[in-house]
Amino acid sequence: MKVYIDGVLYPEAEAKISVFDHGLLYGDGIFEGIRFYNGRVFRLDEHLERLWDSAKAIRLTIPMTLEEMREATLETIRQNNLHDGYIRLLVTRGKGNLGLSPDRCPKASVIIIADKIQLYPQEKYEKGMVMVTCSTRRASPAALLPAVKSLNYLNNIMAKIEATHAGADEGLMLNEQGYVAECTGDNIFTVRRGTVYTPPVFAGALCGVTRNVVFEICHELGIPIREIEMTRYDVYTADECFLTGTAAEVIAAIELDTRVIGDGKPGVLTQRVIARFRELVGSTGTPIGA
Ligand code: PXG
């Protein structure tokens, strides 16, 4: 495995960053998780645009252009001879001192890791995911902007620990008002009487790239889709539920807090969305190139 750090591809064992990097010391940085399928990177530019938006929001200067980042990403995949896999793109605040001010970090660091992705077990894709509501709330936008894909994931990790310890596959996160925000690493959708619903981004969700793809698929297939604030009640009583994320892709959720959703199987509409998603990931995207 070769890892890109600031313009150089290092063998994995030599891919190291400074212990004074504020990405490590303070979680001060941003990232993207991107997939490539069949020799093409899925929605690469959407991910890069979100990375640049995250950088803007935290006042981080990415030390290269978007075009250079696109090329560095593709080159890292090529150098690892991968056809299908996952890219983790990080921009850290860079090396500074033991003080949290980023003013002492002269240059941000760019890290690109290309690897195989570990999927949920195939069984989960066939049977659906079991969820519990976490007591850890999604960070308030007044504290940590949920739209920023920052290296500060403790909020989600605390929720993930709760979900895992409850024996669930995923944790549902509510915002401070008690409305559904998203899951620990995925956006959530429900289906009721033929309409697809998802919480608005302002409810505390990340503006997921996969979430946006679901909007496109629904428009294309003529399925009504709406953003609406929802409570746990709306998930318990939905006909269907599914989750979306680069890692999870599109996956049915069949239970929340021991309430069976719909008939407890991946729903018909969910399966239509999944089928179209599979077609898109297999046939579109930025070619990795020779
Ligand atoms: N919400 C959150 C909080 C996320 O972290 C998504 C939604 C889905 O967004 P995309 O753009 O991927 O459709 C994410 C991203 C993991 C893992 O290992 C998952 C994500 C990020 C990093 C790691 O499961 N999901």
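The values are calculated or read from the model by the stated rules, or taken from the named source; none is laboratory data. None of these values were measured; they are calculated from a predicted model. No Cβ is skipped: glycine too gets one built from the backbone with ideal geometry, and neighbour counts run over all protein chains shown.
Worth a mention:
- Residues located in the range 161-173, provided they are surrounded by fewer than 22 Cβ atoms within 10 Å (Cβ to Cβ) and closer than 16 Å to residue 205 by Cβ: none
- The C-beta contact set for the range 211-232 (first residue touching a residue at least 60 places away in the same chain (Cβ under 8 Å), second residue of a type in the set (Lys, Arg) and away from the ligand (no atom under 16 Å from the Cβ), distance under 9 angstrom, 6+ apart or interchain) comprises 217/272; 232/259.
- Extreme residue, nearest to residue 245 (Cα to Cα), among residues of the range 178-213 that are more than 9 Å from the ligand (Cβ to nearest atom) and part of a helix (DSSP H, G or I): 201
- Inside the range 234-265, residues that are part of a strand (DSSP E or B) and more than 23 Å from the chain's Cα centre (by Cα) make up a count of 2.
- Selection within the range 59-83: residues that are part of a loop (DSSP other than H, G, I, E, B) and in contact with a strand residue (DSSP E or B) (Cβ under 6 Å, 6 or more places away or on another chain). The member of this set that is nearest to residue 40 (Cα to Cα) is 82.
- Qualifying residue in the range 71-91 (condition: of a type in the set (Lys, Arg), more than 13 Å from the ligand (Cβ to nearest atom), closer than 22 Å to residue 17 by Cα and at pLDDT 95 or above): no
- Which listed residue is within 16 Å of the ligand (Cβ to nearest atom) and touching a helix residue (DSSP H, G or I) at 6+ places or on another chain (Cβ under 7 Å), from 66, 51, 44: 44
- First in the range 28-55 and under 22 Å from residue 92 (Cβ atoms) and part of a loop (DSSP other than H, G, I, E, B), second anywhere and more than 12 Å from the ligand (Cβ to nearest atom) and modelled with pLDDT of 95 or more, Cβ under 6 Å, 6 or more apart: 28/22; 28/93
- Test: residue in the range 226-233 that is assigned to a strand (DSSP E or B), within 16 Å of the ligand (Cβ to nearest atom) and of a type outside the set (Phe, Trp, Tyr): yes
- Those residues of the range 141-159 which are part of a helix (DSSP H, G or I), within 11 Å of the ligand (Cβ to nearest atom) and either modelled with pLDDT under 95 or out of contact with any strand residue (DSSP E or B) (no Cβ under 6 Å at 6 or more places or on another chain) (or both), in sequence order: 155, 156, 157
- Any hit, the range 59-68, residues being under 21 Å from residue 213 (Cβ atoms), in contact (Cβ under 8 Å) with a residue 24 or more places away in the chain and surrounded by 15 or more Cβ atoms within 10 Å (Cβ to Cβ): no
- Taking the conditions (1) of a type in the set (A, V, I, L, M); (2) surrounded by fewer than 17 Cβ atoms within 10 Å (Cβ to Cβ); (3) within 16 Å of the ligand (Cβ to nearest atom); (4) more than 28 Å from residue 137 (Cα to Cα) in turn, residue 247 satisfies each one other than (4).
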